[in-house]
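Q: Below is the structure I would like to discuss, written out as structure tokens.
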Amino acid sequence: MKIQVLGPGCPKCAKAEKIVKEAVLEAGLEIEVVKISDFQEIASYGVFSTPAVAIDGEVKIVGRVPSKNDVLGWITG
């Protein structure tokens, strides 16, 4: 599994990345977390509002920071 955190580096994007990493650590799963800040690459996901989070290329949330429970539900559900 691979989680993509999409955002240019704004405070909300950094918070989204932190929450995703915390959730992965808490779940104890081997999941790669990557930060994507290139606008063209972000747009290739169909995302035009950040922060956004995708799992294995499937966008899960756009334009807001996910809660840790959101992320845990996505990766363990």
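The values are calculated or read from the model by the stated rules, or taken from the named source; none is laboratory data. Model, not experiment: these values are computed from the prediction. Methodologically, a virtual Cβ is constructed for each residue, glycine included, from the backbone with ideal geometry; neighbour enumeration extends over all protein chains shown. Accessible surface is based on the protein model in full, side chains and every heavy atom, while ligands, DNA and RNA are left aside. Shrake-Rupley method; radii C 1.70, N 1.55, O 1.52, S 1.80 Å.
Q: For ILE42, indicate whether it is in a helix (DSSP H, G or I), touching a helix residue (DSSP H, G or I) at 6+ places or on another chain (Cβ under 8 Å) and modelled with pLDDT of 95 or more. Explain how you work it out, then say what you get.
A: Numbers: in a helix (DSSP H, G or I): yes; touching a helix residue (DSSP H, G or I) at 6+ places or on another chain (Cβ under 8 Å): no; modelled with pLDDT of 95 or more: yes.
So ILE42 fails the test.
Q: On to the next question. Go through the stretch 12-55 and report how many residues are among the aliphatic types (A, V, I, L, M), farther than 19 Å from MET1 by Cβ, touching a residue at least 24 places away in the same chain (Cβ under 8 Å) and surrounded by fewer than 18 Cβ atoms within 10 Å (Cβ to Cβ).
A: 0
Q: Now, a different point. Looking at THR76 and the list (1) β-branched (Val, Ile, Thr); (2) within 11 Å of the chain's Cα centre (by Cα); (3) open to solvent by 60 Å² or more (accessible area, probe 1.4 Å), which single condition is not satisfied?
A: For THR76, the exception is condition (2).
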